[in-house]
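What follows is one structure encoded as structure tokens, with my remarks underneath.
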Amino acid sequence: MLIGAHVSTAGGASKAVARAEEIGAECMQVFASSPRAWKVPPLADAEAEKFRSEAERAGMGPTVVHGKYLCAIGSPDPELVEKSIDALTAELRIAGQLGALGVIFHPASHRGQGFDAALPQFADGMKRILDAVPGDTLLMLETSAGSGDHIGSKFSELGRIIKAVGSPRVAVCLDTQHVWAGGYNIADPAGLSATIKEFDSEIGLELLRAVHANDSMRDLGSAVDRHDNIGDGLIGTAGFKNILSNTAFANVPFYLEVPGTEKSGPDKPNVDALKHIRSKVGVPA
Ligand SMILES: [Zn+2]
Ligand SMILES: [Zn+2]
């Protein structure tokens, strides 16, 4: 089990590797471009090459790319859907250049049209993105907290999308805070085994390829997306012990997206807290 974190690419993608090393991360997540702007500037091959050699030198990986927060391929607005498909396509291409495992993206909102109505266009959008970027880089759906009309707070919805796309390049990232907010009690042994069972029957455990490891500022079932530092939130240290000791996660990389003790994002104290729990429960690094 590898423990990593989201890190900044300020100054160039290759600069992220040293930042990840500084906080003790074993793998990292980056943005391919600003998550709150539509533009995706192309990544120069030389910079991508520099990133790959830096990551190799540091023994860092797998890398994942987080897609833009703006994307909503289940929206009833065709212009927004097209912009989302274009952006995710560009990000998937960059993920391939970086040698990343894949692009993790939020299924986002169906904006009132309902999941059933959004499903065919959502699956079609994912197929178009995958077709536009040949290779083996994955397109990874992230579990959502479920506020408003957000898709993906129930594993059954993600499972139906995956079946409709029908590609071996689709996988899932489980965010511990989001599933908690979605009503899955992963902090509790019985709740976690029920969660894993449901994930396996609706999605398939083999498609669990990444975890966003975040504690929660909000209650179980609150549907609110608010990350907390490891051990400070309602999942808590005991909850993370429960999660890390479950064999379902044994070979899945964990990426922290916590606020940080200085509110500057994932930091060494949080990476260390999760590593400490990993050693406590006796999971091999
Ligand atoms: Zn996310
Ligand atoms: Zn979140």
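The values are calculated or read from the model by the stated rules, or taken from the named source; none is laboratory data. In this text the structure is predicted, and so the values were computed from the model without any measurement. Quick reminder, even Gly has a Cβ in these numbers, built from the backbone with ideal geometry, and neighbours come from all protein chains shown. Please note that ligands, DNA and RNA were not included when accessible areas were found on the heavy atoms of the full protein model with its side chains. Shrake-Rupley method; radii C 1.70, N 1.55, O 1.52, S 1.80 Å.
Below, the figures for the structure above:
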| item | result |
| --- | --- |
| So Ala213, is it open to solvent by 30 Å² or more (accessible area, probe 1.4 Å) and of a type in the set (A, V, I, L, M) | no |
| Criterion (among the β-branched types (Val, Ile, Thr) and within 16 Å of ligand 2 (Cβ to nearest atom)) met by exactly one of Ile73, Ile104 | Ile104 |
| Selection within the range 74-84 - in a helix (DSSP H, G or I) and either open to solvent by less than 10 Å² (accessible area, probe 1.4 Å) or within 16 Å of ligand 1 (Cβ to nearest atom) (or both) | Ser84 |
| Residue selected from the range 127-176 under the condition among the hydroxyl-bearing types (Ser, Thr, Tyr) and more than 15 Å from the chain's Cα centre (by Cα), by the criterion nearest to ligand 2 (Cβ to nearest atom) | Ser147 |
| The one condition in (1) more than 16 Å from ligand 1 (Cβ to nearest atom); (2) closer than 30 Å to Gly59 by Cβ; (3) crowded, with 19+ Cβ neighbours inside 10 Å; (4) not hydrophobic (A, V, I, L, M, F, W, C) that Asn251 fails to fulfil | (3) |
| Flag if Val179 is within 21 Å of Asp219 (Cα to Cα), of a type in the set (A, V, I, L, M, F, W, C) and free of Cβ contacts under 8 Å to residues at least 40 places away in the same chain | yes |
| Filter result for the condition that a residue is away from ligand 1 (no atom under 16 Å from the Cβ) and in contact with a Gly (Cβ under 9 Å, 6 or more places away or on another chain), over Ala171, Ala145, Ala118 | Ala118 |
| Lone unmet requirement of (1) under 17 Å from Glu142 (Cβ atoms); (2) surrounded by 18 or more Cβ atoms within 10 Å (Cβ to Cβ) for Phe240 | (1) |
| Residue satisfying all of: in the range 217-228; more than 14 Å from ligand 1 (Cβ to nearest atom) and open to solvent by less than 60 Å² (accessible area, probe 1.4 Å); nearest to Val258 (Cα to Cα) among these | Asp228 |
| Any chance Asp219 is modelled with pLDDT of 95 or more, in contact with a strand residue (DSSP E or B) (Cβ under 8 Å, 6 or more places away or on another chain) and within 16 Å of ligand 2 (Cβ to nearest atom) | no |
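Results for (1) basic (Lys, Arg); (2) within 16 Å of Ile104 (Cβ to Cβ); (3) touching a residue at least 60 places away in the same chain (Cβ under 8 Å), shown as yes or no for each residue.
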site: Leu192; (1), (2), (3): no, no, no
site: Glu206; (1), (2), (3): no, no, no
site: Gly221; (1), (2), (3): no, no, no
site: Val224; (1), (2), (3): no, no, yes
site: Glu257; (1), (2), (3): no, yes, yes
site: Gly265; (1), (2), (3): no, no, yes
